[in-house]
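What follows is a set of notes on a single structure, which appears directly below.
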Number of protein chains: 2
Amino acid sequence: MALFVLKFGGTSVGSVERIAAVADRIISMRSAGHDLVVVVSAMSGETNRLIALAEQIQSQPTPRELDVLVSTGEQVTMALLTMSLHKRGCSAKSLTGSQVQILTDAAHTRARIRQIDDKRIRAELANGSVVVVAGFQGVDEHGNITTLGRGGSDTSAVALAAALKADECQIYTDVKGVYTTDPRVVDDARLLRTITFEEMLELASLGAKVLQIRSVEFAGKYKVPLRVLSSFEDDPGTLISLEENREMEAPVIAGIAFTRDEAKVTVSGVPDVPGVAYKVLGAVGDAGIDVDVIVQNAAAGNSTDITFTVKRQDLEQAREIVEGVARTIGAAGVSVDKKIAKVSLVGVGMRSHAGIASLMFKTLAEEAINIQIITTSEIKISVVIDEKYLELAVRSLHAAFGLGEEALAASV
Amino acid sequence: MALFVLKFGGTSVGSVERIAAVADRIISMRSAGHDLVVVVSAMSGETNRLIALAEQIQSQPTPRELDVLVSTGEQVTMALLTMSLHKRGCSAKSLTGSQVQILTDAAHTRARIRQIDDKRIRAELANGSVVVVAGFQGVDEHGNITTLGRGGSDTSAVALAAALKADECQIYTDVKGVYTTDPRVVDDARLLRTITFEEMLELASLGAKVLQIRSVEFAGKYKVPLRVLSSFEDDPGTLISLEENREMEAPVIAGIAFTRDEAKVTVSGVPDVPGVAYKVLGAVGDAGIDVDVIVQNAAAGNSTDITFTVKRQDLEQAREIVEGVARTIGAAGVSVDKKIAKVSLVGVGMRSHAGIASLMFKTLAEEAINIQIITTSEIKISVVIDEKYLELAVRSLHAAFGLGEEALAASV
């Protein structure tokens, strides 16, 4: 008999019918003799409805009161799911973040969990009940309701699993799990059975948005085995594990992530003196614009080029700021490019295998795809290319690294 | 500087615009230097929406979870109103029943308040904040969310006013206050400036449904001055007070209540032996049917007639039950009448004034209205008549007892 923490997102509990389906799934796990703690999100659309109400009143709603307001969304779901379990003859009890005592700091709308009291939950489990907990919410030391920010229900689930030393934390979503790349781009994309936390972090931050990044960091830190799976299908999904225990035949690369909503800014002819990179990027950061990739080419003579990428929607603002800075520091000019895409290979195997980068560059060269920027980290290589080659690049790399179903079948 | 507890019902907070109007009203009272605790209901329609969701899942939703569910309605309102106050630069803080510590028993969906901790509210008031409290909800000794039942927000407000020893509890509704009778029936109906608790209880239970009866009982018990007034107009409304301090010129009768949704059942030829009334009415009560008026005429010979009234919707069920009992006890027969109405004169002045009943009967006789049943209590006389005479009866009595604006003006 194991203890599982299950988390169902907004789509999975989006209607009374879907809540019934979740109840059926819980009953079948319960019949297998497991202890279950179930974390739920608000029904899809509900959080947005509540925020819209608040914004009709205040353009910037008071954070404390916004938390009081939106935390009702999860409270509604937990009550409905618990009723649905009762209807099926299953003992169950719902608990809010305050009732559990999910203690957080006082940073309303983006609180961090400090401590979870497991007494109440353990008592209900000992009574034979399924415990249904409102995700996304907690309580500060003065009893004020707090929320963990968007997607925070994943974090609630992982934190509960850590506090309860659960055997596994299962995140139910509307996809089957984590794929080698986006199946909409590569038909042959393969569902990964296992992936490491580090790989998941890189894949999530690069656009394979299955799990909230913070929950993955949290799971890694507290060594909680995490599984992503579909609430609509019977499939074990993807296990995010601590060890590099991938199947023997598994490729060195876990997956290929990509993003196409970035734009590139290049400042050329920058005087090559200490502090110029700060002057350029500091001004952009001060404006609240997130910068992703930054490269500075080695100086030729006494000037250099600095290139960075930002979200496409921030491009015009970034360009204006940088043009001002360029005049101040005496740079030659500023150019921008909206039509770029970033492709990244991710895999812990990269650490111990030489030749990953060269196979990547060779593959792209064979398709005549020009690489504009290259950046690397320990388990990731990213290239920025012309956006029009994105699909071609992802498909060729997916094949070259043997990530597809067919390649895997052939290698066995 | 006074301390007021204000309560706004669902209609008064039914939209973002109405919440804004409530905020304006609070600001103007705050400007006068008063300390304010504001109790809010769920936005109109919200509680029904939530109950409908629950009933899609369970025909009889689990009471504990139903409380978890519907208590979100008031939580939403309190957050939105507090934001609305913040937007106007007014310091304010919202508190749930659990955060205040409105301690109740564990009778979910119909909990009774046991104790209110005033510490948190007093601290916020001392900070200069308006305190906005979710009505209708509390928490039991184990931290479970409870609700007080429909209309419970009035009770919350009165209980808070009692606990805080407030100078007045003001219940804002969609009517201007308590009238001498229904203004839709009598054009000349007059808004009462004061009324006693006992009179209010009789008027409320008889159909002048302005306040929840339980909150009036509670206010009377804890001697909380209670005022009913409109949230849409500037008018002091009706003060429900402890003393019979009605204006010198005021009539002996406070008002005329009536109801037309009752039906009459008569069991005739009942053997006049001990226990028959119980046999007839016990069976009806056991079926969960509320009985209102009961009369048994003095026995002539060795048999008697028992007549009682029930809600019209319960008539068929009551008739079936009583016909069964009639056969068992050997009564002569059962007859029913759907077309009845009940008219009641209410007034504490009745205690000391003879002649009220005779003026009532005389007035009805002059209009050729036959009285079918008469019942009396210390401050009330009720008659059951043919429904078609209802409006005529109410108007004639209203005039005869000098309750209208014109009559009052003439007497001064």
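The values are calculated or read from the model by the stated rules, or taken from the named source; none is laboratory data. The structure presented is a predicted model; accordingly, all values stated were derived computationally and were not measured. Note that we place each Cβ from the backbone using ideal geometry, even for glycine, and neighbour counts take in every protein chain shown.
Quick one: how many residues across the stretch A:99-112 are under 27 Å from the mean Cα position of the chain (by Cα) and within 12 Å of chain B (Cβ to nearest Cβ)?
Selection size over the stretch A:99-112: 3.
Is it true that some residue in the stretch A:270-293 is on the phi < 0 side of the Ramachandran plot, out of contact with any strand residue (DSSP E or B) (no Cβ under 8 Å at 6 or more places or on another chain), of a type in the set (D, E, K, R) and surrounded by 14 or more Cβ atoms within 10 Å (Cβ to Cβ)?
yes
Among the numbered conditions (1) charged (D, E, K, R); (2) touching a strand residue (DSSP E or B) at 6+ places or on another chain (Cβ under 9 Å); (3) assigned to a helix (DSSP H, G or I); (4) over 19 Å from A:GLU65 (Cβ atoms), tell me where B:ARG30 comes up short.
For B:ARG30, the exception is condition (4).
Considering the stretch A:397-406 alone, what residues qualify as being crowded, with 19+ Cβ neighbours inside 10 Å and not aromatic (Phe, Trp, Tyr)?
A:LEU397, A:HIS398, A:LEU403, A:GLY404
Are there any pairs, at least 6 apart or on different chains, whose C-beta atoms fall under 6 Å, with the first in the stretch A:314-334 and farther than 12 Å from A:LEU281 by Cα and the second among the basic types (Lys, Arg), and if so, which?
Going by the 6 Å Cβ cut-off, the qualifying pairs are A:ILE329/A:LYS279.
Scan the stretch B:358-412 for residues that are modelled with pLDDT under 90, among the charged types (D, E, K, R) and assigned to a helix (DSSP H, G or I) and report the count.
2
Can B:ALA162 be described as in the same structural domain as B:ILE19 (by TED's automatic domain parsing), hydrophobic (A, V, I, L, M, F, W, C), farther than 16 Å from B:GLY404 by Cβ and surrounded by fewer than 20 Cβ atoms within 10 Å (Cβ to Cβ)?
yes
Which residue pairs have Cβ atoms under 8 Å apart, sit 6 or more places apart or on different chains, and have a first residue in the stretch B:141-170 that is more than 14 Å from B:VAL100 (Cβ to Cβ) and within 14 Å of chain A (Cβ to nearest Cβ) and a second that is in a loop (DSSP other than H, G, I, E, B) and among the β-branched types (Val, Ile, Thr)?
B:THR147/B:THR109
Can you name every residue in the stretch B:1-17 that is within 18 Å of B:VAL76 (Cβ to Cβ) and either free of Cβ contacts under 8 Å to residues at least 40 places away in the same chain or part of a loop (DSSP other than H, G, I, E, B) (or both)?
B:GLY9, B:GLY10, B:THR11, B:SER12, B:VAL13, B:GLY14, B:SER15, B:GLU17
Checking A:ASP117 against (1) away from chain B (no Cβ under 14 Å); (2) more than 27 Å from A:VAL16 (Cα to Cα); (3) modelled with pLDDT of 95 or more, which single condition isn't satisfied?
Result: A:ASP117 fails condition (1) only.
Got at least one residue in the stretch A:203-211 being surrounded by 17 or more Cβ atoms within 10 Å (Cβ to Cβ), modelled with pLDDT of 85 or more, within 12 Å of the chain's Cα centre (by Cα) and under 24 Å from A:LEU148 (Cβ atoms)?
no
One line per residue, one yes/no per condition, for (1) in the same structural domain as A:VAL383 (by TED's automatic domain parsing); (2) out of contact with any Leu (no Cβ under 8 Å at 6 or more places or on another chain); (3) at pLDDT 85 or above:
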{"position": "A:PRO236", "(1), (2), (3)": "no, no, yes"}
{"position": "A:PRO251", "(1), (2), (3)": "yes, no, no"}
{"position": "A:GLY255", "(1), (2), (3)": "yes, no, yes"}
{"position": "A:ARG260", "(1), (2), (3)": "yes, no, yes"}
{"position": "A:VAL267", "(1), (2), (3)": "yes, yes, yes"}
{"position": "A:VAL270", "(1), (2), (3)": "yes, yes, yes"}
{"position": "A:VAL273", "(1), (2), (3)": "yes, yes, no"}
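Looking only at residues that are surrounded by fewer than 17 Cβ atoms within 10 Å (Cβ to Cβ) and under 25 Å from A:SER377 (Cβ atoms) in the stretch A:297-311, which one is farthest from the chain's Cα centre (by Cα)?
Of everything passing the filter in the stretch A:297-311, A:ALA299 is farthest from the chain's Cα centre (by Cα).
Considering only the stretch B:44-71, state which residues are more than 9 Å from chain A (Cβ to nearest Cβ) and either among the aromatic types (Phe, Trp, Tyr) or in contact (Cβ under 8 Å) with a residue 12 or more places away in the chain (or both).
Across the stretch B:44-71, the qualifying residues are B:SER44, B:GLY45, B:GLU46, B:THR47, B:ILE51, B:PRO63.
Please state which one of B:ASP35, B:ASP24 is in contact (Cβ under 8 Å) with a residue 12 or more places away in the chain and in contact with a Lys or Arg (Cβ under 8 Å, 6 or more places away or on another chain).
Of B:ASP35, B:ASP24, the one residue that is in contact (Cβ under 8 Å) with a residue 12 or more places away in the chain and in contact with a Lys or Arg (Cβ under 8 Å, 6 or more places away or on another chain) is B:ASP24.
Can you pull out the residues in the stretch B:351-371 that are crowded, with 17+ Cβ neighbours inside 10 Å and more than 21 Å from B:ALA189 (Cα to Cα)?
Hit for the stretch B:351-371 is B:ILE369, nothing else.
Give the residue that is farthest from the other protein chains (Cβ to nearest Cβ), with candidates limited to residues of the stretch A:72-98 that are out of contact with any strand residue (DSSP E or B) (no Cβ under 8 Å at 6 or more places or on another chain), buried (at least 23 other Cβ atoms within 10 Å of the Cβ) and not hydroxyl-bearing (Ser, Thr, Tyr).
Only one residue fits best here, namely A:GLY73.
Can you name the number of the only condition in (1) touching a residue at least 24 places away in the same chain (Cβ under 8 Å); (2) under 28 Å from B:THR194 (Cβ atoms) that B:GLU367 fails?
(2)
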